[in-house]
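J.: Shown below is the structure under consideration.
Bear in mind that the values in this text are calculations on the coordinates, not laboratory data. From a predicted model like this one, the values you see are computed outputs, not experimental measurements. Cβ atoms come from the backbone with ideal geometry, glycine included; neighbour counts cover every protein chain shown.
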Amino acid sequence: MSETKTDREQKGDQATSGSLDEGWGPLSELPGNPMMWLLIISEIAVFGAGFAGFAVAFVMNPDLFRESQDTLNRLAGAINTMVLVTSGLFAALAVRAESEGRTGLMRLHVAIAVLLGLVFLGVKVVEYSGELSAGHTIDTNTFFTLYYLLTGFHALHVVLGIIILVIVAIWHSLDNLETGAAFWHMVDLIWVILFPVVYLLR
Amino acid sequence: MNTRPHAKDDHNLPTARQLIMAWVLLMALTVGTMIAGRVTSAASLGLAWTALLMVITWAKARTILMVYLNLRVAPAHWKSGFSATLVFVLLLILGIYALEALGLVIHHK
């Protein structure tokens, strides 16, 4: 039987897809987009170095760090942890809904995840306003420099994550949703380490 | 024929029940973080509470990796690799704090 054009195209697609998978080597064993896992590994390394640097700065000047840290709103940080892990749940449920072909439910879950992301940023704005009105700026001391840099860099990831979630909800496919949600979970992962290190360890 | 674009779940995603159980665990661990980290107190934590806080943090980070990020379906070497990386980062932080808590850092006035 002669091979049709469609058959040849399908074989070509499979070959391309197979060679892409092989091109990622061991990363292709990971679920979802290998590039996202490269990003997750990089972010753990970058933030890990930042947290270690924060700890070193703490032990070099513990009194200053304890005094400065006591001005932070620890309860707001804890509430934001709950907000972000709940947002992560809805991002993961959105991927699940997309896998079942339930586009409406997927978009509802993404909308809730995004809304909770905005709540996180709102709490952050309230926190920053409180610190700034108390005269604690980025150049007040080493603690506040590191506090604004680490939390600000994380907040930028939250903003980017919200934009990505909106994009993958509009131009949706299971791969897009899985990749967008993975970025969001990475933001969540960094926060659950950042919160105890910056707000609680003393 | 099923016309849904992704009706066949070949991504081995966690079920809604597994995701909700992970969320319940994360919320409970966050309450544990609040208690161990004494969010409403200005008192120092001490080394034992700091260590407990790091253990809780590891459990939270690992839950996000395994369930939310679905690392549970990856081969064992990836799972243990990520867990070990988290342990390394958190032990490094704990070790640095321990230097101060044990009085091993000399502060020059």
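J.: Around B:Arg62, with a cut-off of 14 angstrom between Cβ atoms, what is the net charge of the other residues, counting Lys and Arg +1 and Asp and Glu -1?
T.: That sum, taken over residues with Cβ under 14 Å, equals +2.
J.: Given Cα pairs under 8 Å that are at least 6 residues apart, what percent is the relative contact order of the range A:34-200?
T.: Reported relative contact order: 34 percent.
J.: To the nearest 20 Debye, how big is the dipole of the protein assembly as shown about its Cα centre, given +1 on the beta carbon of each Lys and Arg and -1 on that of each Asp and Glu?
T.: Charge dipole of the protein assembly as shown: 660 debye, to the nearest 20.
J.: What does the average come to when, for each residue of peptide A:48-55, you count the partner chain Cβ atoms lying within 10 Å of its Cβ?
T.: Across A:48-55, the average partner-chain Cβ count within 10 Å equals 4.
J.: Give me the distance between the Cα centres of the range A:57-109 and the range A:123-202, rounded to whole Å.
T.: If you average the Cα positions of each part, the centres end up 8 Å apart.
J.: Let me ask something additional. Please find the FRET efficiency linking B:Ser41 to A:Ala45, where r is the Cβ-Cβ separation and R0 is fixed at 41 Å, and quote it to the nearest 0.05.
T.: Efficiency at R0 = 41 Å is approximately 0.80.
J.: A further question on this structure: Per residue of B:72-79, count partner chain C-beta atoms within 10 Å of its C-beta, then hand back the mean as an integer.
T.: 3
J.: What value, in deg cm²/dmol to 500, does the helix sum -39500 (n - 2.57) over DSSP H runs of n ≥ 4 give at 222 nm once divided by the residues of chain A?
T.: That comes out to -28000 deg cm²/dmol.
J.: Take peptide A:34-41, look around each residue's Cβ out to 10 angstrom, count Cβ atoms belonging to other protein chains, and average those counts.
T.: 2
J.: Nearest 20 debye, what's the magnitude of the dipole of chain B about its Cα centre given +1 on Lys and Arg Cβ and -1 on Asp and Glu Cβ?
T.: Numbers: 9 positive and 3 negative charges, 32 e Å.
That gives a dipole near 160 debye.
J.: Let me ask something additional. As I understand it, the dipole of chain B uses +1 on the Cβ of Lys and Arg and -1 on the Cβ of Asp and Glu, about the Cα centre. Which of B:Leu52, B:Thr33, B:Val73 lies farthest toward its positive end?
T.: Value computed over the given set: B:Val73.
J.: OK, next. Once every Cα of chain B carries one equal point scatterer and solvent is ignored, give the base-10 log of I(q)/I(0) from the Debye formula at q = 0.19 Å⁻¹, two decimals.
T.: -1.04
J.: What does the highest-first list of A:93-102, A:56-65 look like by mean Cβ count within 10 Å?
T.: The densest-packed peptide leads the list: A:93-102, A:56-65.
J.: Mind checking the full-extension length gain between A:Val159 and A:Tyr128? Use 0.36 nm per residue of separation minus the Cα-Cα distance, one decimal, nm.
T.: 9.6 nm
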